[in-house]
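K.L.:
Below is one structure. I have some questions about it.
The values are calculated or read from the model by the stated rules, or taken from the named source; none is laboratory data. On a predicted model such as this, the values are computed, not experimentally measured, just so you know. Here the Cβ positions follow ideal geometry from the backbone for every residue, glycine too, while neighbour counts run over all protein chains shown. Areas reflect the complete protein model, heavy atoms only, side chains present, ligands, DNA and RNA absent. Shrake-Rupley method; radii C 1.70, N 1.55, O 1.52, S 1.80 Å.
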Amino acid sequence: MQPNKKIVGVLLVVAIGQVIGWGTIGLLAVVGRQVAADLHMDISAVFAGNSTFYVVTGLCAPFLAKPFTRFGARRVMIAGTVIGVPGFVLLSLSHGPVLYFAAWVILGTAGSATLATATYILLNEIAGRGARRAIGAMMLVTGLSSSIFWPTTSFLSGALGWRGTCLVYAGMLVLVCLPLYVFGLPRRPEWTDDVGSAVPVAGEPRIVRKSTFYLIVSATVLCAFVTFGLSATIIELLKAEGLSPTQAVTFGSMLGVIQVSARGLDFLGGGRWDGITTALIAASTLVAAILLLMIGGGSHWMIAAFILLYGLGSGALAVARATIPLVFYDNVEFAKATSRIAMPLNLISAGSPPILVGLLANFGSNALLGFAIALSNF
């Protein structure tokens, strides 16, 4: 079998697994109020389950660097899928905050082994120098997870309730994701001539210095703070700019399609530039978008331009975050570096929305937007 054919097969398996993984984890966006009413918890406490997921995912990531290197991404992803099953089962059985948050801790542990970072490492193991394009292709599909699973969750919760939906998603991990990972992923790459060796040549210097690693982490985390936070608060931000709730939802709903389009553009030009170039252009686009919103005075045309530019910039930055380490690290070091970057990245994912919402509520939209620009230019 030719390497490129095998990569296509692996991409199909990984894309299905990631769509299911992110789609099922995002069920609170649809059933959050049902869960809050059933568990007699405040809605903000219920949504803190997602924050718990990201925190645990980030804290577990550095500890998985050695298993990724020693056993390979496939085995780690299989183990993570097995761990995720009791997480959804426990979530379905929860009747209060203790079991509820315990379930999200389990799901966060599973997510660290199966989502995002794990797939980047897997594709780097298999595709080597072609990993950037492979990662871009995967992200092109996985960006649609909410578009697929929000209506799915709505249908299932209407028919089975949110607890039944959790059990269906546990079954989906067992019956779909687990067989795909066990039988659809190669144990180890079977070729190295065209994709780069998984083992560095003896006597070669370390790939990068610690200072360079810290710069990569700083740039990645600061941009992620802006994009994760703004994406989570986009509806409230647009309301603060003068849109009605219906208009805010209409404009905000365009964001996902634009972000996926940006990933598509990056994928089509994947061989022409690296992750650093993508990040520089995307960050500049992000700043331009925020400036337009600040000076737009609530104009619908300016808001539409903001959505367009912000969607393109944030979509491209998502690809850049995954591919910048490929510029500096070989296959073995890439797994270690990506696992270590995942911890601050996921902690930012958990912390940025409440910080930006607090700025918006207490100081207004211009304070939030100015802060976002400052971080984007750091």
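K.L.:
Search the range 93-112 for residues being among the small types (Gly, Ala, Ser) and open to solvent by less than 10 Å² (accessible area, probe 1.4 Å), and hand back the single one that is farthest from Ala37 (Cα to Cα).
P.N.:
Step one: of the range 93-112, the residues among the small types (Gly, Ala, Ser) are 94, 96, 102-103, 108, 110-112.
Narrowing further to those that are open to solvent by less than 10 Å² (accessible area, probe 1.4 Å): 94, 103, 108, 110-112.
On the way: Ser94: 13, Ala103: 18, Gly108: 23, Ala110: 27, Gly111: 26, Ser112: 29 Å.
The extreme case among them is Ser112.
K.L.:
Across the range 334-357, which residue is modelled with the highest pLDDT among those that are more than 16 Å from the chain's Cα centre (by Cα) and buried (at least 18 other Cβ atoms within 10 Å of the Cβ)?
P.N.:
We begin by selecting, within the range 334-357, every residue more than 16 Å from the chain's Cα centre (by Cα); these are 334-337, 354-357.
Pick out the ones that are also buried (at least 18 other Cβ atoms within 10 Å of the Cβ) and you get 334-337, 356.
On the way: Phe334: 73, Ala335: 72, Lys336: 76, Ala337: 78, Leu356: 81.
Selected residue: Leu356.
K.L.:
Kindly indicate which of Ala73, Ala36 is without any contact (Cβ under 8 Å) to a residue 12 or more places away in the chain, aliphatic (A, V, I, L, M) and open to solvent by less than 40 Å² (accessible area, probe 1.4 Å).
P.N.:
On the way: Ala73 fails: without any contact (Cβ under 8 Å) to a residue 12 or more places away in the chain.
Ala36 is the lone residue from the list that is without any contact (Cβ under 8 Å) to a residue 12 or more places away in the chain, aliphatic (A, V, I, L, M) and open to solvent by less than 40 Å² (accessible area, probe 1.4 Å).
K.L.:
Looking at the range 8-22, can you tell me whether even one residue there is surrounded by fewer than 18 Cβ atoms within 10 Å (Cβ to Cβ), farther than 17 Å from Met77 by Cβ and in contact (Cβ under 8 Å) with a residue 40 or more places away in the chain?
P.N.:
Within the range 8-22 (the criterion being surrounded by fewer than 18 Cβ atoms within 10 Å (Cβ to Cβ), farther than 17 Å from Met77 by Cβ and in contact (Cβ under 8 Å) with a residue 40 or more places away in the chain), the answer is no, since none of the residues qualifies.
K.L.:
Something else: Filter the range 207-230 for residues that are open to solvent by 50 Å² or more (accessible area, probe 1.4 Å) and within 20 Å of the chain's Cα centre (by Cα); which is nearest to Leu292 (Cα to Cα)?
P.N.:
At the first step, the residues of the range 207-230 found to be open to solvent by 50 Å² or more (accessible area, probe 1.4 Å) are 207, 209-211, 214-215, 218-219, 228.
Of the ones still in play, those that are also within 20 Å of the chain's Cα centre (by Cα) are 218-219, 228.
Details: Ser218: 26, Ala219: 23, Phe228: 19 Å.
So the residue we want is Phe228.
K.L.:
Continuing with this model, one more query. So, restricting to helices (runs of 4 or more DSSP H) that lie completely within the range 1-100, which ones have at least 2 residues that are within 23 Å of Leu175 (Cα to Cα) and over 17 Å from the mean Cα position of the chain (by Cα)? Before you say what the answer is, go through the steps one by one.
P.N.:
Values: elements: 3-25, 28-39, 43-60, 65-71, 73-93.
Answer list for the range 1-100: 3-25, 73-93.
K.L.:
Restricted to the range 113-129, and to residues that are open to solvent by less than 10 Å² (accessible area, probe 1.4 Å) and of a type in the set (Val, Ile, Thr), which residue is farthest from Ala337 (Cα to Cα)?
P.N.:
Residue satisfying both the conditions and the ranking: Ile126.
K.L.:
For the range 293-319, what are the residues that are of a type outside the set (A, V, I, L, M, F, W, C), in a helix (DSSP H, G or I) and surrounded by fewer than 21 Cβ atoms within 10 Å (Cβ to Cβ)?
P.N.:
We begin by selecting, within the range 293-319, every residue of a type outside the set (A, V, I, L, M, F, W, C); these are 296-300, 310-311, 313-315.
Filter once more, so that each one left must be in a helix (DSSP H, G or I): 300, 310-311, 313-315.
Within the range 293-319, His300 is the sole residue that qualifies.
K.L.:
Out of Met77, Met41, which single residue is touching a Phe, Trp or Tyr at 6+ places or on another chain (Cβ under 8 Å) and closer than 12 Å to Ala113 by Cα?
P.N.:
On the way: Met41 fails: closer than 12 Å to Ala113 by Cα.
Sole residue among the options that is touching a Phe, Trp or Tyr at 6+ places or on another chain (Cβ under 8 Å) and closer than 12 Å to Ala113 by Cα: Met77.
K.L.:
Only one of these is closer than 24 Å to Arg70 by Cα and at pLDDT 90 or above: Gly184, Gly161, Gly171. Name it.
P.N.:
Numbers: Gly161 fails: closer than 24 Å to Arg70 by Cα; Gly171 fails: closer than 24 Å to Arg70 by Cα.
From the options Gly184, Gly161, Gly171, the qualifying one is Gly184.
K.L.:
Follow-up question, since we're still on this one. Of all residues in the range 358-378, count the ones that are outside any helix (DSSP H, G or I) and either open to solvent by less than 60 Å² (accessible area, probe 1.4 Å) or of a type in the set (S, T, N, Q) (or both). Before you say what the answer is, go through the steps one by one.
P.N.:
Initially, the range 358-378 is screened for residues outside any helix (DSSP H, G or I), giving 364, 377-378.
The next check asks that each one be either open to solvent by less than 60 Å² (accessible area, probe 1.4 Å) or of a type in the set (S, T, N, Q) (or both); those that pass are 364, 377.
Number satisfying all stated conditions: 2.
K.L.:
Sticking with this one: Based on this model, can you work out whether Gln259 counts as closer than 20 Å to Gly26 by Cβ, at pLDDT below 80 and among the polar types (S, T, N, Q)?
P.N.:
Here the answer is yes, as Gln259 does meet what is asked.
K.L.:
Does Ala248 qualify as being hydrophobic (A, V, I, L, M, F, W, C) and open to solvent by 40 Å² or more (accessible area, probe 1.4 Å)?
P.N.:
Working: hydrophobic (A, V, I, L, M, F, W, C): yes; open to solvent by 40 Å² or more (accessible area, probe 1.4 Å): no.
No; evaluated as a whole, the condition is false for this residue.
K.L.:
If you don't mind, there's one more thing I want to ask. Anything in the range 320-333 that is over 19 Å from Leu375 (Cα atoms) and open to solvent by less than 10 Å² (accessible area, probe 1.4 Å)? List them, or say none. I'd like the intermediate steps shown before the answer.
P.N.:
Start the filter on the range 320-333 by keeping residues that are over 19 Å from Leu375 (Cα atoms), which leaves 322-323, 325-333.
Across the range 320-333, the qualifying residues are Ala322, Thr323, Pro325.
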